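J.: I am attaching a structure below and will ask some questions about it afterwards.
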Amino acid sequence: MKLFINDLTVMDFSFLDAESGLIGDSLIVDIILEGDLNAESMVMDFSHAKKSIKHEIDKLADHVLIVPEQNSHIIVSHAGTTTEVAMLRKNGETQCFISGPQESFWLVQTDNINSRCLESQIEKHLLACLPQGVKDITITLRPESINGDSYHYSHGLKKTPRKLPENSAWASLCDQNFCGW
């Protein structure tokens, strides 16, 4: 039996591409759950499926920087709860450097980020989280259908609250509601 959930959520994220650099994107998530019927004659309760799967996708892939960890032009390092990512040009110069809390990054074991790679990674993650009666899951990521011109922009990343030094300029700005720390 199959349970279809179209337009479950929209993933807003950024990713690193060796040719283009930092790219922002938004993709609509559709899912199909396949499995045995439970005692209520359902593969999974629809409202619970929507809520729990959306939560897992948001935790994994929404407002994160997706990093193709196996790309030879990308260097990833960790220091405590901080992740640092450097992307190098072909001549070895740094193209971009990003540092932030681990929650801001999704490190994917691939050399190139594309929709099929992300679909596969999300399917594996969700299958491990769903009830045993769910035997398979199919994720489809698709862009919004837009007539005319469109553009990509990089979305804000997840962040963790941090304590700023009381006398710092940033703390002063935050006190005046100029930043959302």
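The values are calculated or read from the model by the stated rules, or taken from the named source; none is laboratory data. A quick note: this is a predicted structure, and the numbers were derived from the prediction, not measured. A quick note on method: Cβ atoms are made from the backbone with ideal geometry, for glycine too, and the neighbour counts reach across all protein chains shown.
J.: Out of the residues in segment 23-50 that are out of contact with any Ser or Thr (no Cβ under 6 Å at 6 or more places or on another chain) and crowded, with 18+ Cβ neighbours inside 10 Å, which is nearest to Tyr153 (Cα to Cα)?
T.: Of segment 23-50, the ones out of contact with any Ser or Thr (no Cβ under 6 Å at 6 or more places or on another chain) are 23, 25-28, 31, 33-50.
Okay, now just the ones that are also crowded, with 18+ Cβ neighbours inside 10 Å, so 25, 27, 31, 33, 35, 43-44, 49.
Working: Asp25: 7, Leu27: 13, Ile31: 25, Leu33: 31, Gly35: 38, Val43: 38, Met44: 36, Ala49: 30 Å.
Ranking the candidates gives Asp25 first.
J.: Just to be sure before I move on: is Ser104 within 23 Å of Ser20 (Cβ to Cβ), small (Gly, Ala, Ser) and exposed (fewer than 14 other Cβ atoms within 10 Å of the Cβ) in the structure I sent?
T.: Numbers: within 23 Å of Ser20 (Cβ to Cβ): yes; small (Gly, Ala, Ser): yes; exposed (fewer than 14 other Cβ atoms within 10 Å of the Cβ): no.
No, not satisfied.
J.: What's the total number of residues in segment 89-119 that are at pLDDT below 95 and part of a loop (DSSP other than H, G, I, E, B)?
T.: Here the count works out to 5.
Each row is one residue, and each column tells you yes or no for (1) more than 30 Å from Leu33 (Cβ to Cβ); (2) exposed (fewer than 12 other Cβ atoms within 10 Å of the Cβ); (3) out of contact with any Lys or Arg (no Cβ under 8 Å at 6 or more places or on another chain); (4) of a type outside the set (Asp, Glu).
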position	(1), (2), (3), (4)
Ser52	no, no, yes, yes
Asp58	no, no, yes, no
Ala61	no, no, yes, yes
Ile66	no, no, yes, yes
Lys90	yes, yes, yes, yes
Thr94	yes, yes, yes, yes
Phe97	yes, yes, yes, yes
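J.: If you take the residues of segment 1-16 that are of a type outside the set (A, V, I, L, M, F, W, C) and under 15 Å from the mean Cα position of the chain (by Cα), which of them is surrounded by the most Cβ atoms within 10 Å (Cβ to Cβ)?
T.: Step one: list which residues in segment 1-16 are of a type outside the set (A, V, I, L, M, F, W, C), which gives 2, 6-7, 9, 12, 14.
Still in the running and under 15 Å from the mean Cα position of the chain (by Cα): 9, 12, 14.
Values: Thr9: 19, Asp12: 18, Ser14: 22.
My answer is Ser14.
J.: Output the number of residues of segment 121-150 satisfying the condition of being part of a loop (DSSP other than H, G, I, E, B), among the hydrophobic types (A, V, I, L, M, F, W, C) and exposed (fewer than 13 other Cβ atoms within 10 Å of the Cβ).
T.: If we filter segment 121-150 for residues that are part of a loop (DSSP other than H, G, I, E, B), which is where we start, we get 130-133, 143-150.
Add one more test, that the residue is among the hydrophobic types (A, V, I, L, M, F, W, C), and what stays is 130, 146.
If we keep only those that are exposed (fewer than 13 other Cβ atoms within 10 Å of the Cβ) as well, we get 146.
Result for segment 121-150: 1.
Matching residues to (1) in contact with a Leu (Cβ under 7 Å, 6 or more places away or on another chain); (2) acidic (Asp, Glu); (3) farther than 23 Å from Lys2 by Cα:
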{"residue": "Ile31", "(1), (2), (3)": "yes, no, no"}
{"residue": "Ala39", "(1), (2), (3)": "no, no, no"}
{"residue": "Leu65", "(1), (2), (3)": "yes, no, yes"}
{"residue": "Pro68", "(1), (2), (3)": "yes, no, yes"}
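J.: Now for a different question. Taking the options Val67, Val29, Val76, name whichever one is under 19 Å from Glu103 (Cβ atoms), under 16 Å from the mean Cα position of the chain (by Cα) and modelled with pLDDT of 95 or more. First the steps, then the outcome.
T.: Working: Val29 fails: under 19 Å from Glu103 (Cβ atoms); Val76 fails: under 16 Å from the mean Cα position of the chain (by Cα).
Answer to the selection: Val67.
J.: Quick one: count up the residues across segment 34-88 that are touching a residue at least 12 places away in the same chain (Cβ under 8 Å), in a loop (DSSP other than H, G, I, E, B) and aliphatic (A, V, I, L, M). Walk me through it before giving the result.
T.: To start, the set of residues in segment 34-88 that are touching a residue at least 12 places away in the same chain (Cβ under 8 Å) comprises 34-38, 42-44, 46, 49-50, 52-54, 56-58, 60-76, 78, 81-88.
Checking the rest, the ones that are also in a loop (DSSP other than H, G, I, E, B) come to 36-38, 42-44, 62-64, 69-73, 81.
Okay, now just the ones that are also aliphatic (A, V, I, L, M), so 37, 42-44, 64.
The qualifying residues number 5.
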